[in-house]
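The block underneath contains the structure these notes are about, expressed in structure tokens.
The values are calculated or read from the model by the stated rules, or taken from the named source; none is laboratory data. From a predicted model like this one, the values you see are computed outputs, not experimental measurements. In this analysis, Cβ positions are derived from the backbone assuming ideal geometry, glycine residues included, and neighbour counts consider all displayed protein chains. Only protein heavy atoms, including side chains, enter the accessible area calculation; ligands, DNA and RNA are left aside. Shrake-Rupley method; radii C 1.70, N 1.55, O 1.52, S 1.80 Å.
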Amino acid sequence: LKFESAGETTGYTVAMDANESAGGDASAPSPMEMLLHGAAGCMAIDIAVILRHHMEKVTKLQIEADGERADTEPKYYKHITMTIVIDGDITAKQARRAADLSKDKYCSAVHSLVADVDVKIILNGEVL
């Protein structure tokens, strides 16, 4: 069940696979893991941009994303926790401001997870 997806803007491809219980071999992240990767990556990039004038003082910027999914289909994420570690010679206030701005204002990936999104499906040229 391994699939590849190519980015429309960059052309980069990423592989995704299902776990064994869904018929895959878990040879790549699942699509749901990719959602967490995207949100964490978006926040990390935002934080680095917000702290751009202080990044030479940052020795570590790490984000761990964990999600709790619903028990029944469609098993969406009910809760997501982003654990952010920023080490270096910056103040706690600067780090908190950057994390807050990313979460509350700039991170498009996080905001897409909580937005009321209309999903349009086109199957073999026909809109479903």
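Excluding ASP17 itself, what net charge comes from residues whose Cβ is under 13 Å from its Cβ, given Lys and Arg +1 and Asp and Glu -1?
That works out to -3.
Can you tally the net charge around LEU1? Count Lys and Arg as +1, Asp and Glu as -1, for every other residue whose Cβ sits under 13 Å from the Cβ of LEU1.
Result for the local shell: -3.
How many Å² of accessible area per residue for segment 1-64, probe 1.4 Å?
67
In segment 1-117, what percent of the accessible surface is made up of carbon and sulfur (1.4 Å probe, ligands and nucleic acids excluded)?
Ligands and nucleic acids excluded, carbon and sulfur give 52 percent.
In debye to the nearest 20, how big a dipole does segment 56-103 give about its Cα centre with +1 on each Lys and Arg Cβ and -1 on each Asp and Glu Cβ?
Its charge dipole is roughly 220 debye.
In deg cm²/dmol and to the nearest 500, what is the mean residue ellipticity at 222 nm of the chain if only DSSP H runs of at least 4 residues count, each as -39500 (n - 2.57), divided by the residue total?
So the calculated ellipticity at 222 nm is -9000 deg cm²/dmol.
Can you run the Rg to Rh ratio on segment 5-105? Use alpha carbon positions and the Kirkwood inverse-distance Rh.
In segment 5-105, Rg relative to Rh is 1.06.
Who wins for biggest fluctuation among ALA18, ALA109, ALA98 in a Gaussian network model of the chain, springs between alpha carbons below 10 Å?
ALA18
Return the long-range amide H neighbours of GLY24 (sequence gap of 5 or more, or a different chain), with a cut-off of under 5 Å between placed amide H atoms.
Counting only residues 5 or more places away or on other chains, the set is ALA18, ASN19.
Once both axes come from the Cα atoms, what is the angle between helix 92-101 and the longest principal axis of the chain, in degrees from 0 to 90, rounded to 10?
With both axes taken from Cα atoms, the answer is about 30 degrees.
For ALA26 and THR83, calculate 0.36 nm times their separation in residues minus their Cα-Cα distance, and state this gained length in nm to one decimal.
Taking ALA26 through THR83 to full extension adds about 18.1 nm, to one decimal.
Suppose every K and R has +1 on its Cβ and every D and E has -1 on its Cβ; what is the size of the dipole of the chain about the Cα centre, in Debye to the nearest 20?
The dipole magnitude comes to about 640 debye.
Students sometimes get this wrong: rank MET43, MET82 by accessible area, probe 1.4 Å, all chains present, largest first.
MET82, MET43
Take every Cα pair under 8 Å in the chain that's 6+ residues apart, average their separations, divide by the length, and report that relative contact order as a whole percent.
So the answer I get is 18 percent.
Grab the Cα-Cα distance for VAL117 and VAL14, subtract it from 0.36 nm times how many residues apart they are, and report the gain in nm with one decimal.
34.8 nm
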